[in-house]
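These notes concern the structure reproduced below.
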Amino acid sequence: MKPYEGNAVLEINNTLVFPILEMLLGGSGKFASKMNREITEIEQSILDGLYRIILHDLHSAWQAVATLDFTIESHETEPQLLQILAPNEAVVAVSLEVRIGDNSGMMNLGVPSIVIKMLRQKFDQQWSVRKTESTTAERDRILRLIRPAAMLVDARLQGPTLAFSDVMEIEAGDILTFDYPVDKPVDLLVNSRLKYHGHVATDGRKRAFRVEELYNPLK
């Protein structure tokens, strides 16, 4: 982390490395099998391009606070063999969950706390300058970034609850009464959060949901 002394540690789980390699080699990234082996020299050279992108993004992210030049000091497939930091040295750890297709894994970044302490004054200066409202252009940029994100939409009948003992005694032919009127609106949840009310409808051969009102928690 030049010009500051000390090294940071970047760790990428194997559950991410092999799907990334497959995508870089023209695959779909849907790596079903779990591989637990060391990376070959050819695979390591392919990943060097990915590391350069990550280090460039780290440089850009820190640019607002201080100019840090990130370079790769060494590679290690056995993290316990790393001798970069003293055992009693404090570290600021940042963990990111990355999802590629059906696979997900963690990308972890460890930065010596002494570097953060040396940059404390620059952080204070940055926050004092940044205390302004976001512009329309910034809001539009954030909207463009999050627009392709996938969200889970779930229409539910919020009916009564049953005791576990009653559930265990359910048999074929039993009738469960939900006490839910046909004309009562159905709740629509987005990422498990109630957002809308409406009714289940049809769109040709597909089920659909007709939004009739926004959920108001104050009602």
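The values are calculated or read from the model by the stated rules, or taken from the named source; none is laboratory data. As the structure is a computational prediction, the values presented were derived from the model and not from experiment. Cβ placement follows ideal geometry from the backbone for every residue including glycine, while neighbour counts extend to all protein chains displayed.
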- Query: Only one residue in ILE46, ILE100, ILE12, ILE53 is more than 25 Å from GLN121 (Cβ to Cβ), within 17 Å of the chain's Cα centre (by Cα) and modelled with pLDDT of 85 or more. Which one?
  - Reply: ILE12
- Item | Output for the stretch 1-17, where each listed residue is more than 14 Å from THR77 (Cα to Cα) and in contact with a helix residue (DSSP H, G or I) (Cβ under 7 Å, 6 or more places away or on another chain) | MET1, TYR4, GLY6
